[in-house]
Amino acid sequence: ILILLLLFICFCFVKEFYSYENEPVGIENLKRGLASLFQMQLSSGTTNEVDISGDCKVTYQAQQDKVVKIKALDTCKIERSGFTTANQVLGVSSKATSVTTYKIEDSFVTAVLAEETRAFALNFQQTIAGKIVSKQKLELKTTEAGPRMIPGKQVAGVIKAVDSKYKAIPIVGQVPERVCKGCPSLAEHWESIRKNLEPENLSKAEAVQSFLAFIQHLRTSRREEILQILKAEKKEVLPQLVDAVTSAQTPDSLEAILDFLDFKSDSSVVLQERFLYACGFATHPDEELLRALLSKFKGSFASNDIRESVMIIIGALVRKLCQNEGCKLKAVVEAKKLILGGLEKPEKKEDTTMYLLALKNALLPEGIPLLLKYAEAGEGPVSHLATTVLQRYDVSFITDEVKKTLNRIYHQNRKVHEKTVRTTAAAVILKNPSYMDVKNILLSIGELPKEMNKYMLTVVQDILHFEMPASKMIRRVLKEMAVHNYDRFSKSGSSSAYTGYVERSPRAASTYSLDILYSGSGILRRSNLNIFQYIGKAELHGSQVVIEAQGLEGLIAATPDEGEENLDSYAGMSAILFDVQLRPVTFFNGYSDLMSKMLSASGDPVSVVKGLILLIDHSQDIQLQSGLKANMEIQGGLAIDISGSMEFSLWYRESKTRVKNRVAVVITSDVTVDASFVKAGLESRAETEAGLEFISTVQFSQYPFLVCMQMDKAEAPLRQFETKYERLSTGRGYVSRRRKESLVAGCELPLHQENSEMCNVVFPPQPESDNSGGWF
């Protein structure tokens with residue numbers, strides 16, 4: 001029967017597919033895969049066909065003895081669940097091909113050979129990769145007389161005459177229902193991993209591994225189950241549970257966490273903030289999550305800090321939804337109006353900072369005119385924040401009109417600005433400067449306050465040293481003797497700016513940058529530590545930690561710099577983590593608060609962000625042409641603790657700032673090919689624990705004051721695992737395991753041009769941990 005069908009179908013398409021009703025979906029899909037092979041044409045050309053893979057673009061290449069059908073799998077329209085991370089640095093690259101060859105002899109199709117390949121790799125970690133190859137083969141062995149032809153005017157009538165139990169069903173592959181036999185309940189799973197998520201264990205890879213596994217279970221759980229666990233848990237582990245529930249990103253998990261948290265109570269502020277941060281880091285947020293936060297913002301809060309965090313995270317969700325072509329969603333439009341309206345006419349003056357931070361996450365192009373207004377006319381802190389928001393915009397938005405305003409700020413054409421505002425304005429200009437922009441900035445060096453002179457000089461030198469886009473224009477300007485002379489380029493001071501590589505390869509790079517600006521009296525004004533990850537043209541702002549201080553000159557009877565005579569005493573820290581601006585943390589605000597903190601200071605660091613973050617999240621159901629179903633799950637998470645401190649000693653006339661980053665990272669992938677009679681899979685995992693610490697000490701008992709800066713990258717173990725398995729329904733099968741361990745040596749990273757050697761990365765040989773041998 002198959003051969004007769006094959007000869008007949010050579011000249012037409014499969015219009016209907018018939019099978020028995022209530023047959024297992026897995027068996028039906030195997031039949032669909034076979035039937036799809038009979039769909040072909042003898043002439044060359046491109047067309048659209050509907051088969052088990054969906055509605056796909058197909059190209060035929062006809063020759064005398066064969067026909068080759070190439071199916072463009074990336075064009076196939078088929079309903080399948082799945083999601084991925086929007087940022088390409090954390091995303092997955094995949095490639096799919098499908099080629100079917102029909103061999104023809106004497107007008108007979110004698111063989112059909114089909115091969116489909118699905119390959120993938122994690123962009124950030126290329127060792128997390130895999131490939132699925134699915135093959136089908138039909139051959140003509142013998143020919144013999146078949147059954148008599150059945151007369152009929154319509155196919156349906158003929159099929160009914162063959163067997164009345166046949167029913168017409170779609171030829172497109174269907175998704176079989178997932179049944180987990182013998183799986184633990186959600187409560188049992190939580191109890192088995194709970195110890196790994198206790199606070200003292202969060203720096204270990206086991207904590208992240210448990211976190212990722214529990215998220216997968218949460219995604220198949222009901223609201224009532226999740227809520228029951230939340231209500232029963234103790235406060236020590238509850239923040240980690242909130243991280244997991246929020247990261248699950250399902251309607252049931254969102255309902256459960258919103259029912260659990262009470263924003264009108266100040267007893268659960270830590271849990272509320274952890275929920276909001278997890279929302280900001282959401283890998284594939286939907287409109288419902290944004291709508292929920294908008295609803296919460298309109299309500300009342302026990303903590304104003306939480307109210308601010310809600311608005312800041314709304315900005316982050318707006319940007320992520322817009323990146324996924326969701327800018328016209330009703331909730332996104334409402335959120336954009338709320339942010340921009342808050343800046344145009346803030347109800348309270350103190351709300352301006354909140355809306356600026358929200359815009360720093362949302363990066364709305366229509367917000368740029370408002371930012372320029374606040375940058376030029378706003379008070380010191382507001383003006384500085386507005387310029388830092390502009391700094392986050394892509395260079396394409398830094399137009400001549402924007403640079404005109406920023407030049408007025410830097411050169412103080414209309415009013416006097418603080419050093420932090422002027423230097424940030426210069427940094428934005430130098431993203432894509434004109435000849436005169438560069439010339440005027442270089443000519444200003446020597447006329448600026450003492451430490452600002454040195455800072456701007458090192459910024460220019462760093463651009464040249466690191467070959468940034470503006471370096472070509474700067475080199476053109478430096479050919480002028482009036483600009484490039486010893487007097488201008490020999491300014492002394494302790495402020496600095498430096499960019500270097502953490503790691504570098506032909507396809508990717510990880511960079512760090514540190515710039516430090518001091519006041520003329522030697523007190524820290526601003527330190528800014530950034531880490532970026534680049535893969536091709538894609539970039540990820542991994543982290544930024546900014547420590548700012550002002551108004552401290554009176555403590556040592558020093559004279560404030562120009563424009564900073566009336567600043568209140570203040571010190572605080574702000575952080576960006578994985579492209580999300582978090583709510584800033586204040587060390588002290590005001591002279592009385594400063595003295596109180598100095599007298600009671602313990603030197604303990606203040607945590608900026610601490611918790612578990614789902615960073616990589618890719619899920620894909622794949623319908624193979626053969627009828628088998630494949631599934632790809634890739635997740636990456638980390639436990640992170642970023643803290644900072646600022647110590648100030650009048651007795652020793654010394655200040656010290658410290659920023660500490662500690663992370664444990666785990667990336668897992670699970671690729672399975674499943675059928676009712678067999679299951680095969682490839683599981684991969686990579687994990688590490690790492691740390692980065694920056695310490696800056698300044699002794700300002702004399703000028704020039706003494707500065708010691710140090711940034712250390714801790715030794716980091718790297719462990720990688722692979723498991724291949726195949727199990728038959730009879731219970732037989734095999735498992736193959738491999739493992740590799742290596743060590744990334746710790747080192748001290750350079751912080752200025754005089755010491756620009758990169759850290760050496762060492763991978764000492766490690767013994768294999770099992771009998772399988774070798775590395776995959």
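The values are calculated or read from the model by the stated rules, or taken from the named source; none is laboratory data. The model shown is predicted, which means the values in this text are computed figures rather than measured ones. Don't worry about glycine lacking a Cβ; one is built from the backbone with ideal geometry, like all the others, and counts go over all protein chains shown. Surface accessibility is based on the protein's heavy atoms, side chains included, excluding ligands, DNA and RNA. Shrake-Rupley method; radii C 1.70, N 1.55, O 1.52, S 1.80 Å.
Brief remarks on what is shown
- For the stretch 244-249, Karplus couplings with θ = phi - 60° (6.51, -1.76, 1.60), whole Hz, Gly/Pro x: 5, 4, 5, 6, 4, 6
- Whole-Å distance, taken between Cα centres, linking the stretch 618-693 and the stretch 228-252: 19
- In the stretch 127-196, the convex hull through the Cα atoms has an average projected area of 12.1 nm², a quarter of its surface area.
- Helix axis angle, 205-218 relative to the chain longest principal axis, alpha carbon, degrees: 50
- The simple spin-label model puts a point 7 Å past each Cα toward its Cβ; for Lys181 and Arg732 those points are separated by 1.8 nm.
- Taking a straight Cα-Cα cut-off under 19 Å and skipping sequence neighbours fewer than 8 places away in the same chain, the aspartates and glutamates within cross-link reach of Lys77 are Glu16, Glu49, Asp51, Asp55, Glu116, Glu325, Asp621.
- Those residues of the stretch 223-240 whose amide nitrogen sits under 18 Å from the label point placed on Ser267, 7 Å along Cα→Cβ: 228-239
- Accessible surface of the chain, 1.4 Å probe, proportion on carbon and sulfur as whole %: 51
- Residue-averaged [θ]222 nm for the chain, counting only DSSP H segments that reach four residues, each worth -39500 (n - 2.57): -9500 deg cm²/dmol
- In order along the stretch 508-514, the phi-based Karplus estimate (6.51 cos²θ - 1.76 cosθ + 1.60, θ = phi - 60°) of 3J(HN,Hα) comes to 8, 8, 10, 10, 10, 9, 9 Hz; Gly and Pro are listed as x.
- Computed over protein heavy atoms with a 1.4 Å probe, the accessible surface of the chain works out to 48 Å² per residue.
- Partners for Lys160 among lysines (Cα-Cα distance below 26 Å; same-chain residues under 8 apart left out): Lys15, Lys31
- Built amide H within the under 5 Å cut-off of Leu615, gap 5+: Gly636, Gly637, Leu638
- A crude spin-label estimate for the pair Tyr534 and Asp259, with each label 7 Å from Cα along the Cβ direction, gives 4.9 nm.
- Theoretical FRET efficiency, 1/(1+(r/R0)^6), r = Cβ-Cβ of Glu233 and Glu16, R0 45 Å, to 0.05: 0.25
- Calculated over the stretch 248-313: convex hull of Cα atoms, volume per residue (Å³): 75
- Phi-derived couplings, Karplus 6.51 cos²θ - 1.76 cosθ + 1.60 at θ = phi - 60°, listed residue by residue for the stretch 659-673: 10, 10, 10, 10, 9, 10, 10, 9, 10, 10, 9, 9, 10, 10, 10 Hz, with x used for Gly and Pro.
- Loop sites in the stretch 345-429: trypsin sites (Lys or Arg not before Pro), DSSP, at most 10 other Cβ within 10 Å: Lys348, Lys349
- Three-way shape call for the stretch 417-476 based on the alpha-carbon gyration tensor, with the a/c threshold at 1.5: prolate
- In the stretch 220-285, one over the average inverse separation of all distinct C-alpha pairs is 11.8 Å, which is the Kirkwood hydrodynamic radius.
- Centre-to-centre, using Cα atoms only, the stretch 37-67 and the stretch 447-478 are separated by 60 Å.
- Given (i) 44.4; (ii) 106.9; (iii) 41.3, the label whose value is mean projected area of the Cα convex hull in nm² derived from this model: (iii)
- Here Lys419 is the anchor, and the lysines within straight C-alpha reach of less than 23 Å, apart from those fewer than 8 places off in the same chain, are Lys360, Lys373, Lys403, Lys404, Lys431, Lys439, Lys450, Lys454, Lys491, Lys656.
- For the stretch 139-252: rounded, prolate or oblate by the Cα gyration tensor [a/c cutoff 1.5]: prolate
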